[in-house]
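This report concerns only the one structure given below.
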Amino acid sequence: MSEDLLRKSSRDKLAKLEVQNLRRRLINTIRSSNGKVLRNSQELISFSCNDYLGLTHHPEVIKASQDATYEYGAGSGGSRLVSGNNPLNSELETLLAKIKGTEDAIVFGSGYLANLGVIPALVGRKDLILIDELSHACLFAGAMLSNAHTIHFKHRDISELAKLMTKQRKSYQHCLVLTDGVFSMDGDLAPISALHELCKKHKAWLMTDDAHGLGVIENGRGSSVVDGCAIPVPLQVGTLSKAVGAYGGYLCSNKETIDLIRNRARSLVYTTGLPPGNLAAAIAALKIIRTNIELTNRPLALANKFAAYLGLSPPKSPIVTIQLGDVERTMRGSMELEKKGFLVVAIRPPTVPVGTSRLRCTFSAIHTEAQVDAFAKATKEVLAIQ
Ligand SMILES: *Cc1c(COP(=O)(O)O)cnc(C)c1O
């Protein structure tokens with residue numbers, strides 16, 4: 001009887017999604033090393049992948065992962081605080097801190113878990129969180145878990161944030177400002193310098209999520225570097241699953257804060273450490289990112305080429321979005337491109353606000369110039385009939 005109720009409740013919720021054209025389905029997709037994917041028996045060139053540098057298939061990365069798996073086993077065997085702290089964790093953390101120019105770093109199971117763990121460990125009921133309204137879902141989830149008073153500020157709006165600070169800051173003990181470094185669904189950048197200055201003035205802590213920055217912005221150094229100059233952002237979260245091509249998340253910060261997180265972040269304490277093969281893959285990938293500027297600059301160069309062809313303003317990251325507004329039109333655009341041999345996923349609510357559905361194209365170093373040209377031409381044709 002209660003089982004029937006559960007089934008009915010789920011069915012009703014799904015039906016509602018179906019009506020709004022918002023029901024999602026998992027589609028088996030086999031990625032290969034040349035940027036192509038196999039989906040529904042059709043070969044497509046993918047412009048929907050976060051593997052910005054093609055490192056998921058890089059021979060050195062795969063070899064490192066294989067070697068570590070043979071040496072240490074497929075899984076880590078426990079929480080890092082119990083028996084799962086393979087020494088590769090420290091090697092990876094030292095490397096991340098070096099790349100980000102911070103004193104220390106800590107690795108998590110994923111970027112999502114990093115945000116869920118870090119935010120509640122730093123702020124609580126007596127504190128204030130100010131968060132850019134277009135930040136990634138896991139920053140909002142972390143803010144909710146913290147129970148801090150949370151206010152959303154308009155996307156990239158420094159003057160609104162300054163007003164909120166002036167009005168609200170004094171009523172709270174600590175203040176944490178949260179933002180994506182590169183916005184995951186828009187591809188634009190947070191105004192890091194201005195945010196840093198404002199936070200300094202109001203004794204607030206700035207935390208950026210650099211998931212889409214590391215490896216592809218500013219010679220691969222990430223979004224806390226602005227015009228070649230590193231801004232000392234005190235809390236830098238990110239992922240190992242995008243340009244780094246592996247899996248996992250991290251926080252880079254000062255020694256004491258990292259030590260606190262090691263002790264207090266629940267998504268670190270109460271979960272299993274990353275598999276050794278994955279840690280080794282991330283280390284190998286980061287070493288490539290550190291030394292290969294030609295590789296790290298290529299995705300943005302290709303994005304620029306595409307945007308120029310379509311008459312779009314020059315992108316700041318390898319994410320280029322074409323806003324089509326309503327869900328149906330966006331789904332149709334994606335389907336038309338698929339017919340022409342290109343995979344571009346339609347992004348729709350709740351991932352983005354209602355009325356801002358879009359085609360989100362991501363460019364990777366593994367794309368050839370010819371592939372990008374063909375994609376730009378096809379996109380122009382599809383948009384013309386929309
Ligand atoms: C992708 C993404 C995450 C999630 O990272 P995972 O490692 O995949 O969990 C977090 N924040 C932002 C801004 C992202 O784009």
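How do Glu197, Glu160 stack up against each other in accessible area, from largest to smallest, with a 1.4 angstrom probe? Walk me through the intermediate numbers first.
Working: Glu197 100, Glu160 55 Å².
I get Glu197, Glu160, largest accessible area first.
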For Glu43, Glu133, write out the residues from largest to smallest accessible area, computed with a 1.4 angstrom probe and no ligands counted. Glu43, Glu133
Could you give the nm distance between label points at Asn21 and Lys305, where each point is 7 Å from its Cα heading toward the beta carbon? 3.3 nm
Note to self: with every protein chain in place and a 1.4 Å probe, the stretch 137-259 gives an accessible area per residue in Å² of 39 Å²
Evaluated at 25 °C and 0.890 mPa s, the Stokes-Einstein D of the chain based on the Kirkwood radius over Cα pairs, in µm²/s, stands at 112 µm²/s
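Among residues other than Asp157 whose Cβ falls under 10 Å from its Cβ, what is the net charge (Lys/Arg +1, Asp/Glu -1)? Before the final figure, lay out the partial values.
On the way: positive: Lys154, Arg156, Lys163; negative: Asp132, Glu133, Glu160.
Here the count lands on 0.
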Around Thr351, what is the net charge, scoring Lys/Arg as +1 and Asp/Glu as -1 over all other residues with Cβ under 12 Å from its Cβ? +3
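Let me have the 222 nm mean residue ellipticity of the chain computed from DSSP H runs of 4+ only, each contributing -39500 (n - 2.57), with the sum over all residues rounded to the nearest 500. Let's see the in-between values first.
Details: 13 runs with 165 residues, N = 386.
Using -39500 (n - 2.57) per qualifying helix, the result is -13500 deg cm²/dmol.
If contacts are Cα pairs under 8 angstrom and at least 6 residues apart, what is the relative contact order of the chain in percent? Provide the component values of the computation, followed by the final result.
Numbers: 767 pairs, mean separation 87.2, N = 386.
Once normalised by length, the contact order is 23 percent.
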Would you work out which of Leu145, Phe342, Leu268 lies farthest towards the positive end of the dipole of the chain, given +1 charges on the beta-carbon of Lys and Arg and -1 on that of Asp and Glu, about the Cα centre? Leu145
With a Förster distance of 22 angstrom and the Cβ-Cβ distance between Arg125 and Arg169, calculated FRET efficiency to the nearest 0.05 equals 0.85
How large is the charge dipole for the stretch 57-291, taken about the Cα centre, if only the Cβ atoms of Lys, Arg (+1) and Asp, Glu (-1) carry charge, to the nearest 20 debye? 740 debye
Residues in the stretch 61-94, backbone N under 13 Å from the label point at Arg290 (7 Å along the Cα-to-beta-carbon vector): list them, ranges by number please. 91-94
Between Arg11 and Asn254, what is the spin-label point distance in nm, taking each point 7 Å from the Cα along the Cα→C-beta axis? 5.9 nm
How about Lys154: which lysines have a C-alpha closer than 18 Å to its C-alpha, ignoring those fewer than 8 places off in the same chain? Lys163, Lys167
Can you tally the lysine pairs in the stretch 275-386 where the Cα-Cα distance is under 19 Å and the two residues are eight or more apart, or on different chains? 7
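The values are calculated or read from the model by the stated rules, or taken from the named source; none is laboratory data. Small disclaimer: the values here were computed from a predicted structure and weren't measured. Note that each Cβ is placed from the backbone with ideal geometry, even for glycine, and that neighbours are counted across all protein chains shown. Ligands, DNA and RNA are stripped out before the accessible areas are found, and what is left, the full protein with its side chains, is counted by its heavy atoms. Shrake-Rupley method; radii C 1.70, N 1.55, O 1.52, S 1.80 Å.
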